[in-house]
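As structure tokens, the structure follows; a few thoughts come after it.
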Amino acid sequence: QVHLVESGGGLVQAGGSLRLSCAASGGTYSTYITGWFRQAPGKEREFVAAIAWSGGTTYYTDSVKGRFTISRDNAKVYLQMNSLKPEDTAVYYCGAAQRWTTQAMSVSSYELWGQGTQVTVSS
């Protein structure tokens with residue numbers, strides 16, 4: 001069964017950078033949009049960024065614009081995170097929307113998820 005695997009999380013000081021990767025394991029899968037979400041303790045999972053595989057349109061939540069960049073390369077999706085802040089601390093999840101959607105920022109648009117990778121930003 002295909003599932004997504006995130007990597008690249010870790011502990012970094014405020015102002016530092018991390019690069020997250022998302023890849024499929026167990027086979028191939030089809031997707032229209034791949035997105036990154038994050039969930040901090042006690043909070044709901046929230047949208048961070050997404051990229052459409054056809055055309056490469058990107059989407060970002062306002063709080064990460066100018067700091068984070070989502071990109072894709074073959075079957076992998078990356079999230080380059082610069083100028084990290086303590087409020088970026090969360091578990092970051094990769095998700096794949098396997099049906100066409102116009103709601104790239106909605107958790108409910110994504111059917112396939114990874115297990116998450118922890119990002120901790122110290123002040």
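Here's the yes/no breakdown for (1) under 18 Å from residue 93 (Cβ atoms); (2) not β-branched (Val, Ile, Thr):
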| site | (1), (2) |
| --- | --- |
| 9 | yes, yes |
| 14 | no, yes |
| 22 | yes, yes |
| 50 | yes, yes |
| 57 | no, no |
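Return the residues of the range 92-112 that are of a type in the set (Val, Ile, Thr) and within 17 Å of residue 44 (Cα to Cα); say none if nothing qualifies.
107
Within the range 46-55, the set of residues being in contact with a strand residue (DSSP E or B) (Cβ under 8 Å, 6 or more places away or on another chain) and either part of a strand (DSSP E or B) or exposed (fewer than 14 other Cβ atoms within 10 Å of the Cβ) (or both) comprises 46, 47, 48, 49, 50, 51, 52. Taken over the range 8-31, the criterion of being open to solvent by 60 Å² or more (accessible area, probe 1.4 Å) and within 12 Å of residue 117 (Cα to Cα) is satisfied by 11, 19. Within the range 64-74, if we keep just the residues that are of a type in the set (Lys, Arg) and over 20 Å from residue 123 (Cα atoms), the residue that is surrounded by the fewest Cβ atoms within 10 Å (Cβ to Cβ) turns out to be 65. Kindly indicate whether any position in the range 67-79 is over 19 Å from residue 100 (Cα atoms) and part of a loop (DSSP other than H, G, I, E, B). The answer is yes; a qualifying residue exists.
If only one of 58, 89, 117 is β-branched (Val, Ile, Thr), touching a strand residue (DSSP E or B) at 6+ places or on another chain (Cβ under 7 Å) and without any contact (Cβ under 8 Å) to a residue 40 or more places away in the chain, which one is it? Result: 58 is the single residue among 58, 89, 117 that is β-branched (Val, Ile, Thr), touching a strand residue (DSSP E or B) at 6+ places or on another chain (Cβ under 7 Å) and without any contact (Cβ under 8 Å) to a residue 40 or more places away in the chain.
Remark: pairs (first residue in the range 17-31, under 30 Å from residue 123 (Cα atoms) and hydroxyl-bearing (Ser, Thr, Tyr); second residue open to solvent by 50 Å² or more (accessible area, probe 1.4 Å) and in a strand (DSSP E or B); Cβ separation under 7 Å; 6+ apart in sequence or on different chains) = 21/7; 21/76. Set side by side, the residues 119, 107, 77 differ, and just one is surrounded by 13 or more Cβ atoms within 10 Å (Cβ to Cβ) and in contact with a helix residue (DSSP H, G or I) (Cβ under 9 Å, 6 or more places away or on another chain), which is 119. With respect to the stated conditions, residue 87 fails to be in a loop (DSSP other than H, G, I, E, B) and open to solvent by 20 Å² or more (accessible area, probe 1.4 Å). Restricting the range 90-104 to residues that are farther than 12 Å from residue 35 by Cα and of a type in the set (A, V, I, L, M, F, W, C), the residue that is surrounded by the most Cβ atoms within 10 Å (Cβ to Cβ) is 90.
The values are calculated or read from the model by the stated rules, or taken from the named source; none is laboratory data. Keep in mind that this is a model prediction, so the values were computed, not measured. Quick reminder, even Gly has a Cβ in these numbers, built from the backbone with ideal geometry, and neighbours come from all protein chains shown. These area figures cover heavy atoms from the full protein model, side chains too; ligands, DNA and RNA do not enter into them. Shrake-Rupley method; radii C 1.70, N 1.55, O 1.52, S 1.80 Å.
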